[in-house]
Amino acid sequence: MTARPTPGLVGAVVRSAYPILIGFALAYVMQTVVAVSIGDYYSKIFIDVGIAIVLGVSLGIVNGYAGQFSLGHAGFMAVGGYTAAAIVYYGSIKLFGTKAIYGGSLGPGELLLCAGCIAGGVMAALTGWLVGLPSLRLRGDYLAIVTLGFGEIIRVLIKQTDDVVLSQKQVEAADWWTLLDNLGGGFGFIGGPRYIDARNPFWVWLFVVIVCLVAYRLKYSNRGRQLLAVRENEIAAEAMGIRTTKAKVSAFMTSAFFAGIGGGLYAHELGNSLRPADLGFQKSIDIVIIVVLGGMGSISGAVIAAIAVTILPEVFRSFSEYRMIAYALALIIVMILRPQGLLGLKELWEVDWRAIGRGLVTAPGRFARWLPGLPGRLRSALREAIDRRQEDRS
Amino acid sequence: MTKFVQVFFQTLTLGSLYALIALGYTLVYGILRFINFAHSDVVTFGAWIAFTIAGVLGWAGTGSPVFAMPIVMIAAMAASAALGFTIERLAYRPLRKAPRLNVLITAIGVSLFLQNTGQLQAVFGKDPVKMPRLLSEEPLFRLAGVQVPLVDVALVLLAVALVIVLQWLVYRSKLGQAMRAVSWNDQIASLMGVPVDRVISITFVIGSALAAAGGVLYGLKYGQLNQTADALWVLLGLKAFVAAVVGGIGNVRGAVVGALLIATIEMFGAAYLSPQLADLYVFGVLILMLLLRPAGLLGSDTVEKV
């Protein structure tokens, strides 16, 4: 790959700004055209999809690129969600004097929401730094357990906060320190304004575009290649002069930042509850499923998996108790047949579709080997089909 | 003083429970070098299978005969051992040569599968149930004003007995020699005539049987079984895993020492500091241990190769 010429100041500004502009344009279209035309039900599902994309792509940065398996993503989400909720709830009472939705589309209330989400992201990134530093001596399953433990610790700590959310009058009288301890405890932080609903998906889509673009640029940048090197072989990467510690910590922080933003969006979506119980291990697993199914290190894969994982349960609503069983089986089967996830490191447009077709033909045969009770005749028939296919190709 | 003795006995029983579960983690880790995430679900299944068997045999109420408990226990252990064998055969064996991350994700998948299958109405259902009283509730003896029920004594005795048997099995028997050979280097062990796959299967069977014993005793001690996907089971498994890591994973004695240590920290922390933060102390100990002595208390330092 040839090095691009370094852009000048103007070029750099334009190059940094245009993704945001694309994001604004897409979010605006989503808000004014799509949300109105597809109706509230589908629009609500689409918001869930958007939040799932933010969380999935952000987890992909640390799990996929850097290969550091983290099981505590919901913990970062909780940090971001609670930070954003506290800022928006108490902030809107202190600033606007009301806890209702304030200011209309893109009004001051929503700007507060945006600020809250970003502040939540920053808080989550700081937490990510805290988690990342001690975890760096660990790898693989140990890291998974420690991040899981950190997620649980965050949950336990939030549960300890005061569980009576103050009324408006009390908030006006209270000082900031009291408010910080007043996050709803085990019952959840309820009563905040819900800026994101079926008619108002703007911020979700803005952050979807931003997280995807950041992840994409990261992947194809020098730093992203460093992360991939760490993923493939940490010791070799170190020997090549990559500062693995720095790379891993920065991946952790970037991932946590967007998880925090995702948490902030989640906290303000109509119909979600911001309860410690909802942001536990199970939520982390949901996000991990998106990353693993989509491909460990593929942005478009994570997007597709996020869409599928959110929409399919809606379609098969009557089989909802089989949802997690299906996910679990999908995880196991994908790991056995396609260990790198559906798309692997590749993006959708980089995939060699003919190879996938061949893989689909050979897959049953590869799986059949491990099924102990499969009748011998069926097994040999499959093997023959595979051999014939390979002869055709040669 | 009474409080101290009470907490001490609770620590002892909880530590024995953790030890039973931690032994399964430590055995599998010792031989395959991966964390069997589904182990806590085998514990859960053991308890629920015991509940089902006790119901089928008509021991659902109080006043069950003396032989009820051993029969239920052995049946649950056998069923869980079969479950462990099946899991290893279908999910882990195809990945014997795969990177550890893939095995980890598969283990998570297996865990999710078991949790959610157990929740189905056709299997165990979603409602928590009362575990039948298979052991007499009369306190066996009193010490410094603390009543010690039979369940607690059974838990501790069984844990001690199983640890001694396992210790003998791993370090004195031929099977144990094969296990240690596989854990050291499975390819060379295979060249020396050790049936690697069979040894691994047996390890899973033993670990799962121990897990079922832990699950049954958990049910008898606390009297209630939550649905299989309940966070409580995950937490139970996690703490047992922490115990295995703190003691030095892959080490039988280490699992026991770690289990007692974790139980001490949890129970005394809950009793004398703050009951809500008990989980926090446990994970705090895990992180401290991983930072200060990653090999655990009784583990030996090994150099990780590329």
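The values are calculated or read from the model by the stated rules, or taken from the named source; none is laboratory data. Keep in mind it's a predicted model, so treat the numbers as computed, not measured. So basically every Cβ, Gly included, is an ideal-geometry build from the backbone, and we count neighbours across all protein chains shown. For the accessible areas, the whole protein counts, side chains as well, though only heavy atoms, and no ligand, DNA or RNA atoms are used. Shrake-Rupley method; radii C 1.70, N 1.55, O 1.52, S 1.80 Å.
Considering region A:270-327, and only residues there that are within 12 Å of chain B (Cβ to nearest Cβ) and charged (D, E, K, R), the residue that is surrounded by the fewest Cβ atoms within 10 Å (Cβ to Cβ) turns out to be A:GLU321. So is B:LEU32 open to solvent by less than 20 Å² (accessible area, probe 1.4 Å) and either within 11 Å of another protein chain (Cβ to nearest Cβ) or closer than 30 Å to B:ALA181 by Cβ (or both) or not? So B:LEU32 fails the test.
All conditions but one from (1) modelled with pLDDT of 85 or more; (2) loosely packed, with under 14 Cβ neighbours inside 10 Å apply to B:PHE67; the one that does not is (1).
Residues checked against (1) part of a loop (DSSP other than H, G, I, E, B); (2) crowded, with 18+ Cβ neighbours inside 10 Å:
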| position | (1), (2) |
| --- | --- |
| B:VAL257 | no, yes |
| B:GLU266 | no, yes |
| B:ALA271 | no, no |
| B:ASP279 | no, yes |
| B:PHE283 | no, yes |
| B:LEU290 | no, yes |
| B:GLY296 | yes, yes |
| B:GLY299 | yes, yes |
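Name the residue that is surrounded by the fewest Cβ atoms within 10 Å (Cβ to Cβ), counting only residues in region A:109-150 that are within 9 Å of chain B (Cβ to nearest Cβ) and among the β-branched types (Val, Ile, Thr). Ranking the candidates gives A:VAL146 first.
For B:ALA122, the conditions (1) open to solvent by 70 Å² or more (accessible area, probe 1.4 Å); (2) in contact (Cβ under 8 Å) with a residue 24 or more places away in the chain are fulfilled apart from (2). For A:ARG225, are the conditions met, namely being basic (Lys, Arg) and open to solvent by 60 Å² or more (accessible area, probe 1.4 Å)? Criteria met by A:ARG225.
Restricting B:ALA54, B:ALA60 to those that are buried (at least 24 other Cβ atoms within 10 Å of the Cβ) and not hydroxyl-bearing (Ser, Thr, Tyr) reduces the list to B:ALA54. Of the conditions (1) of a type outside the set (Gly, Ala, Ser); (2) within 12 Å of the chain's Cα centre (by Cα); (3) farther than 19 Å from A:ALA305 by Cα, A:TYR41 clears all except one; give me its number. The one condition A:TYR41 does not meet is (2). Exactly one residue among B:ALA47, B:ALA68, B:ALA54 is in contact (Cβ under 8 Å) with a residue 60 or more places away in the chain, under 14 Å from B:ALA212 (Cα atoms) and away from chain A (no Cβ under 12 Å), and that residue is B:ALA47. Considering region B:132-243, the qualifying helices (runs of 4 or more DSSP H), each wholly inside and each with 2 or more residues that are touching a residue at least 60 places away in the same chain (Cβ under 8 Å) and within 14 Å of chain A (Cβ to nearest Cβ), run over B:196-222.
One residue stands out among those in region A:338-355 that are of a type in the set (Lys, Arg) and assigned to a loop (DSSP other than H, G, I, E, B): the one that is farthest from B:GLY109 (Cα to Cα), which is A:LYS346. Answer yes or no as to whether B:ALA98 is hydrophobic (A, V, I, L, M, F, W, C), facing another protein chain (nearest Cβ under 7 Å) and open to solvent by 10 Å² or more (accessible area, probe 1.4 Å). Considered against the rule, which asks whether it is hydrophobic (A, V, I, L, M, F, W, C), facing another protein chain (nearest Cβ under 7 Å) and open to solvent by 10 Å² or more (accessible area, probe 1.4 Å), B:ALA98 comes out as yes.
Of the numbered criteria (1) closer than 28 Å to A:VAL146 by Cα; (2) out of contact with any Ser or Thr (no Cβ under 9 Å at 6 or more places or on another chain), the one B:LEU83 fails is (2). For A:TYR89, the conditions (1) under 30 Å from A:GLU238 (Cβ atoms); (2) open to solvent by less than 10 Å² (accessible area, probe 1.4 Å) are fulfilled apart from (1).
Taking first residues from region A:117-143 that are closer than 18 Å to A:PHE69 by Cβ and partners that are polar (S, T, N, Q) and modelled with pLDDT under 95, the Cβ contacts under 6 Å between residues at least 6 apart in sequence or on separate chains come to A:LEU136/A:THR245; A:LEU143/A:GLN68; A:LEU143/A:SER135.
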